[in-house]
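Peer 1: Input: one structure, supplied below.
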């Protein structure tokens, strides 16, 4: 079974690496934002620079989890190759697991540019232990966004997914305080922010990499979102299989 | 003989459309079976049921003694993907590795590619291959897991004559080593060249299931070929075509047709009456069926 998961993971990773524009799209925007906004305005303040680096790294990983994943899933569903793979002697698990694992790989790749900018051009600091824990938190908190991506990808056509995933992504990122630190968000956004999933992820990231005290409401809200997204994604997956392969 | 795949009184609906209507069919070990039928006859639905992609609305489908939905049963089968959907960015070798990973008893990669004349393409990305090369990769994939039973859907569509013959040799070699094949094709020549047994489906039912010769004889149609301009309406004509200035008419009753032709006073020359090819038999069976509906 594990060799099948490996085969499916390798398949997806190769497929994504051969068309690196998807990864670049997730990686470049946050890295450029780092250079344009964080380096000049918060680069000298270790706490603010570290927090901003964490936020923008998560911005990149969230984009690869939500936008890239939903798009490849919805495109795949329209390919006859997908039908062929279902005739191979394997259940749905290896493919699903391969999708998630390759998603992690792409996610990690897409945060590297922001990390480098933060490390080289700002006062952002983290001990190796903090960095490692930060990366683990980054991956784990990426899961709910992958699940949302899977939900969208399994529910909508490729064309609709393109639009809907972006429509979900940017408001969630802004409400979560990833682009603008929550301290300077307008009052009404700060009221809603803790209840949106990206804020909880950001709170956890800031907590493990700086001495920021996490907002518990946001963390609990993220846990709730994860459960809701898992239920929605598995519903969408089964509905898709049921509709097309009954 | 062992039955490798069996459909028992299978019905399959898609909403209001009845794709299969009480079909029963056994594929026995060592057979090479041709599945014939016009588009929409139910061929693809039948294959999709055998390979576990779909479930019957009613009736039973068995594959290698179990359910086609059970991945363990599918270890013994090979299926061709549609070449239009092969992952563009992957290399030929990578796709063979990926498919091979599903089969513990797989054919070694080099040997498989060699057998289908693909050794030179191992490093090439799928997107850069010609249609015929993609088709050969697709067929090779069906044989990756040393299957007992392969389902070949239109194996040589889009290939030139040379490539088609090479592929036929490969399929025959597999069959001679004891492999079982269920094959669909638009080319009736292909079914005639490869299959011993022909199953004709139309309107979701099995219309004929016999040897190639028997199916041809069963319908007793003849081909009347002649040179003429402006033929009148003639009785019992199932199909007609114009080839190299000759009109070919397929009919169940050539005698009456000729009588009517002479009676009409139409000038003609070069009259020939011949037994039919499988293609003409097939046309006759499916159009007769159409007349009932």
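Values quoted throughout were computed directly from the atomic coordinates according to the rules given, and no laboratory measurement underlies them. Quantities reported herein were computed from a predicted structural model and do not represent experimental measurements. Please note: Cβ atoms are built from the backbone with ideal geometry, for glycine as well, and neighbour counts cover all protein chains shown.
Peer 1: Take the Cα gyration tensor of region B:105-256, multiply each eigenvalue by 5, square-root it, and list the three semi-axes largest first, rounded to whole angstrom.
Peer 2: Its equivalent ellipsoid spans semi-axes of 39, 20, 12 Å.
Peer 1: Taking chain A as a Gaussian network, Cα atoms linked when under 10 Å apart, which of A:38, A:140, A:191 shows the biggest mean-square fluctuation?
Peer 2: Highest fluctuation among the options: A:191.
Peer 1: Shielding by partners for A:87-96, please: the mean number of other protein chain Cβ atoms within 10 Å of each residue's Cβ.
Peer 2: Details: counts 17, 16, 13, 5, 3, 1, 1, 3, 0, 0.
Partner-chain Cβ atoms within 10 Å, mean over residues of A:87-96: 6.
Peer 1: Report, as an integer, the average count of C-beta atoms from other chains found within 10 Å of each Cβ along A:110-118. Present the calculation step by step, with values, prior to reporting the outcome.
Peer 2: Numbers: counts 0, 0, 0, 0, 0, 0, 0, 0, 0.
Mean shielding count: 0.
Peer 1: For chain B, what is the relative contact order in percent, using Cα pairs closer than 8 Å and at least 6 residues apart in sequence?
Peer 2: On the way: 576 pairs, mean separation 56.2, N = 293.
Reported relative contact order: 19 percent.
Peer 1: A further question follows. How many angstrom separate the Cα center of region B:223-258 from the Cα center of region B:1-51?
Peer 2: Between the Cα centre of region B:223-258 and that of region B:1-51, the gap is 34 Å.
Peer 1: Considering only C-alpha atoms, what is the centroid distance from region A:136-157 to region B:169-216, in Å?
Peer 2: About 47 Å separates the Cα centre of region A:136-157 from the one of region B:169-216.
Peer 1: Taking a cut-off of 43 Å, what percent of all Cα-Cα pairs in the protein assembly as shown are separated by more than that?
Peer 2: Working: 54065 of 144991 pairs.
Above the 43 Å cut-off, the protein assembly as shown has 37 percent of its Cα pairs.
Peer 1: Still on this structure, I have one more. What's the Kirkwood radius of region B:222-275 in Å, using all Cα pairs?
Peer 2: Details: mean 1/r = 0.0916 Å⁻¹.
Value: 10.9 Å, from the Cα pair sum.
Peer 1: What is the distance, in nm, between label points placed 7 Å from the Cα along the Cα-to-Cβ direction at residue B:213 and at residue B:28?
Peer 2: Each label point is offset 7 Å from its Cα along the Cβ direction, giving 1.7 nm.
Peer 1: Hey, another quick one. Could you let me know the centre-to-centre spacing of region B:97-132 and region A:1-36, using Cα atoms, in angstrom?
Peer 2: Between the Cα centres of region B:97-132 and region A:1-36 lies a distance of 25 Å.
Peer 1: How much FRET efficiency would the formula 1/(1 + (r/R0)^6) give for residue A:140 and residue A:37, where r is the Cβ-Cβ distance and R0 is 41 Å, rounded to 0.05? Don't jump to the answer; show the numbers that get you there.
Peer 2: Working: r = 27 Å, r/R0 = 0.65.
Computed FRET efficiency for residue A:140 and residue A:37 comes out at 0.95.
Peer 1: How high is the relative contact order of region B:1-131? Use alpha-carbon pairs under 8 Å, at least six apart in sequence, and give a whole percent.
Peer 2: Answer for region B:1-131 is 21 percent.
Peer 1: While we're here: Quick one: helix A:158-175 against the long Cα principal axis of chain A, what's the angle to the nearest 10°, folded into 0 to 90?
Peer 2: Tilt relative to chain A: about 20 degrees.
Peer 1: Suppose the chain between residue A:130 and residue A:163 were pulled fully straight at 0.36 nm per residue; how much longer would it get relative to their current alpha carbon spacing?
Peer 2: On the way: separation 33, 0.36 × 33 = 11.88 nm, distance 3.60 nm.
Length gained between residue A:130 and residue A:163: 8.3 nm.
Peer 1: Could you state the angle between the C-alpha long axis of helix B:254-264 and the longest principal axis of the C-alpha atoms of chain B, as a value from 0 to 90 degrees rounded to the nearest 10?
Peer 2: It works out to around 40 degrees.
Peer 1: Here is a further query. Test of understanding: express the Cα radius of gyration of region B:190-265 as a ratio to 2.2 N^0.38 Å, with N the residue count. Intermediate results must be reported in sequence, preceding the final value.
Peer 2: Working: Rg = 15.3 Å, N = 76, 2.2 N^0.38 = 11.4 Å.
In units of the globular-protein estimate, region B:190-265 measures up at 1.34.
Peer 1: Now for a separate question. Cα atoms only: what Rg and Dmax, in Å, come out for region A:142-246?
Peer 2: 15.6, 53
Peer 1: Over all directions, the average projected area of the alpha-carbon convex hull for chain A comes to how many nm²? Write down the numbers at each step before the final one.
Peer 2: Details: hull surface 53.5 nm².
One quarter of the hull surface, i.e. the mean projection, equals 13.4 nm².
Peer 1: For the protein assembly as shown, what is the calculated [θ] at 222 nm in deg cm²/dmol (nearest 500), taking -39500 (n - 2.57) for each run of four or more DSSP H residues and dividing by its residue count?
Peer 2: Values: 21 runs with 283 residues, N = 539.
Estimated from H runs of four or more residues: -17000 deg cm²/dmol.
Peer 1: Over all alpha-carbon pairs in region A:93-204, figure out the percentage whose distance exceeds 23 Å. Don't skip to the answer; put the middle values down first.
Peer 2: Numbers: 2471 of 6216 pairs.
Percentage above 23 Å: 40.
Peer 1: On C-alpha positions alone, give me the angle between the axis of helix B:161-176 and the longest principal axis of chain B, in degrees, nearest 10.
Peer 2: Here the helix axis deviates by roughly 70 degrees.
Peer 1: Mind sorting B:187, B:14 by how few other Cβ atoms lie within 10 Å of their own Cβ, fewest first? All intermediate terms of the calculation are to be shown ahead of the outcome.
Peer 2: Details: B:187 15, B:14 11.
Lowest to highest Cβ neighbour count: B:14, B:187.
Peer 1: Using Stokes-Einstein with the Kirkwood hydrodynamic radius over Cα pairs, what translational diffusion coefficient do you get for region B:3-216 at 10 °C and a viscosity of 1.306 mPa s, in µm²/s rounded to a whole number?
Peer 2: 90
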